[in-house]
Amino acid sequence: MQSENSTSATGATAQSGLGRTGNLRTRILSALVLGPIVLLAVYLGGWIFEVLILTFAVLAVAEWTRLVEPDRSRWIASLPVAAVAAVLIADFIMGATVSLLLAAILTVALLGYAWMSHSDHRWLFSFGIPYIVFGSVSLIWVRGDPEDGLGLLIYLLFCIWATDIGAYAAGKSIGGPKLAPRISPKKTWAGLVGGMLSAAAFGAGVAVAFDAERPWLAAVLGMVLAVVGQIGDLFESGIKRRFDVKDSGRLIPGHGGLLDRVDGLIVAAPVFALFHATLGKALAWW
């Protein structure tokens, strides 16, 4: 009897290990397929990148709507998708100023709707759409910079990706006190510091590669973006915990939903765009 239990336990352990290996393999394959497509669109810029962001925004808003308002009818659920598409198409045709104005009007309308409905779900639903819209418009604006758009967007992407890698590595190897145990039990303060240092290193490296004026400032900004990106990650984790779901969707095999992969980026993008449009240009940092 003891031998059978031991065998069962061993089998379960082996099966669990195979499950983790299979999941890791799926994640890697998904990254290998999607990564080059995204980077090619970033490199080419123009309408190709804009179509990529439009596609992302529409899918992300649909994902958010399913997450916070799962009982909505299809007709009602299509309204936020249409609104977001209209804002981004306005960006393609008339530029960022018009699209940001439309996004601001949409935000005010949604918050008014949430206030009148007296529902916690309505607040979350209303807040999520501008969260995606402003992030998407900011990415298009950054890439659209006629002189430095490619370098700036590569810098932003590398800072956020480096944050995730550095945070994971430091959190696993060092451990220690939890960053926000009620929201995301696996995140640690050591992970946050590791992510900041990693973002600083990669950010400075990208700045040097693109002949930026002040790589040291790029390193400092990288650490700030790492913190902002982690806030975005925690925000999305808190929403998922609020609705008791593991992933925001199932669109990307092995990774979950779109929002699971870009939660830090779409929060960091408006902060980065605002910095570059104001202090960044004044300091000629890039």
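The values are calculated or read from the model by the stated rules, or taken from the named source; none is laboratory data. All of these numbers come straight from a predicted model, not from anything done at the bench. Counting neighbours? That spans all protein chains shown, and the Cβs are built from the backbone with ideal geometry, glycine included. For the accessible areas, the whole protein counts, side chains as well, though only heavy atoms, and no ligand, DNA or RNA atoms are used. Shrake-Rupley method; radii C 1.70, N 1.55, O 1.52, S 1.80 Å.
Annotations for the structure displayed:
- Residue identified as β-branched (Val, Ile, Thr), surrounded by 15 or more Cβ atoms within 10 Å (Cβ to Cβ) and out of contact with any Leu (no Cβ under 9 Å at 6 or more places or on another chain) among 84, 61, 51: 61
- Flag for residue 89 being at pLDDT 85 or above, open to solvent by 30 Å² or more (accessible area, probe 1.4 Å) and more than 20 Å from residue 270 (Cα to Cα): no
- In the stretch 187-204, the residues that are open to solvent by 40 Å² or more (accessible area, probe 1.4 Å) and out of contact with any strand residue (DSSP E or B) (no Cβ under 8 Å at 6 or more places or on another chain): 193, 196, 197, 201, 202
- Criterion violated by residue 110 - all others in (1) of a type in the set (A, V, I, L, M, F, W, C); (2) touching a helix residue (DSSP H, G or I) at 6+ places or on another chain (Cβ under 8 Å); (3) at pLDDT 85 or above satisfied: (3)
- Among the residues listed as 157, 192, 179, 124, the single one being at pLDDT 95 or above and farther than 30 Å from residue 40 by Cβ: 192
- Restricting attention to the stretch 93-106 and to residues that are open to solvent by 30 Å² or more (accessible area, probe 1.4 Å) and at pLDDT below 85, the residue that is farthest from the chain's Cα centre (by Cα) turns out to be 97.
- Of the candidates 113, 131, the single residue that is within 21 Å of residue 51 (Cα to Cα) and among the aromatic types (Phe, Trp, Tyr) is 131.
- Scanning the stretch 195-225 for residues being touching a residue at least 60 places away in the same chain (Cβ under 8 Å) and not aliphatic (A, V, I, L, M) gives a total of 4.
- Scanning the stretch 146-181 for residues that are touching a Lys or Arg at 6+ places or on another chain (Cβ under 8 Å) and free of Cβ contacts under 8 Å to residues at least 60 places away in the same chain yields 171, 178, 179, 180.
- Every residue from the stretch 264-285 that is at pLDDT below 90 and surrounded by 15 or more Cβ atoms within 10 Å (Cβ to Cβ): 280
- Top-ranked residue of the stretch 107-162 - restricted to ones that are surrounded by 24 or more Cβ atoms within 10 Å (Cβ to Cβ) and in contact with a Ser or Thr (Cβ under 7 Å, 6 or more places away or on another chain), ranked as nearest to residue 204 (Cα to Cα): 162
- Answer residue from the stretch 21-38, given it is open to solvent by 70 Å² or more (accessible area, probe 1.4 Å) and modelled with pLDDT of 75 or more and is nearest to residue 140 (Cα to Cα) among those: 37
- Test: residue in the stretch 257-279 that is over 26 Å from residue 58 (Cβ atoms), among the charged types (D, E, K, R) and out of contact with any Pro (no Cβ under 8 Å at 6 or more places or on another chain): no
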